[in-house]
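Have a look at the structure below before the remarks.
Rule-based calculations on the coordinates, nothing more; no lab input. This structure is a prediction, so every number in the text was calculated from the model and none was measured. Cβ coordinates were reconstructed from backbone atoms using ideal geometry, including for glycine residues, and neighbour counts include every protein chain displayed.
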């Protein structure tokens, strides 16, 4: 059974022609297209494209995208398993279906750290909004999809190590879907988000996990980002760079209560 779209027409256009044009524009950004770099991990935001699309586009454009991708997202709905692995069936998008990679998904299931589960994914938007960018950058890409609830750092580390082994064996890149601070003044968002991003850019997954909890930073995807960083280190990552940062206030003109969006490439 394929996973149907949940937020098409709300977070991004449901019309294929309009969506394709929007994604192409967001990938192109404001200047010349960058030379894609090899990466082991990405951080990409997941709000409506009008708010976070420029950051997501800059991130996806910056990376070489292989045929297999492991997508990690937070659990916004509270449904399903704590580490929820989409078990079978592709993911529908207006641009076509992102096929599930059966061997990669089976490898993740065999780790014993993931639970085959659909409930966490059915109404969750954070992976879905990545897929048009993925299909534009790599038509025919195949995915494995994980939705993660709150985990201790030790569980993040164990999961990251297991994902790294699967990624290495199957030639996959890991993409963590996350927004940053939620519903705080823009100046506060930038200050708090900098604390989290400093740890991410330092390739310090434990520090990221700890600072978000200690400072109560409302980064919804801190667990996917922590797991991605743990996996990236296992895969030999030595550097990370920011591909973009913005807030919803940059679009609305209202800085009183914003959401922050960041993109990063880990290589």
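Using only the C-alpha atoms, the convex hull of the chain corresponds to 108 Å³ per residue. Give the calculated FRET efficiency between residue 82 and residue 215 to the nearest 0.05, with a Förster radius of 41 Å applied to their Cβ-Cβ distance. Calculated transfer efficiency: 0.95. With both labels modelled 7 Å from their Cα along Cα-to-Cβ, the residue 37 to residue 2 distance reads 3.6 nm. Comparing mean-square fluctuations of 214, 68, 118 from a GNM of the chain with C-alpha springs under 10 Å, the top value falls on 214. Of the beta bridges in the chain, as assigned by DSSP with both residues counted there, near 45 percent are antiparallel. When you work out D = kT/(6 pi eta Rh) for segment 70-177 at 25 °C and 0.890 mPa s, using the Kirkwood radius from C-alpha pairs as Rh and the Stokes-Einstein form, the result is 178 µm²/s. Shown here is the pair-distance distribution of segment 1-56: with all Cα-Cα distances grouped in 5 Å bins from zero up to the longest one, the shares run 4, 16, 20, 25, 18, 12, 4, 1, 0 percent. Distance from the alpha carbon centroid of segment 163-208 to that of segment 33-103 works out to 14 angstrom.
Structural descriptor for the chain: relative contact order 27 percent, calculated from alpha carbon pairs under 8 angstrom and at least 6 residues apart. P(r) for segment 135-225, from all Cα pairs and a bin width of 5 Å, is 3, 12, 21, 22, 17, 12, 10, 4, 1 %, short bins first. Were the residues from residue 67 through residue 187 laid out at 0.36 nm apart, the gain over their Cα-Cα distance would be 39.3 nm. Just checking the listed ones, 129, 227, 251: in the Gaussian network model of the chain with Cα springs under 10 Å, the one fluctuating most is 251.
Annotation for residue 116 and residue 194: the two label points, set 7 Å from Cα along the Cα-Cβ direction, are 4.8 nm apart. Distance between the 7 Å Cα→Cβ label points at residue 15 and residue 252: 2.6 nm.
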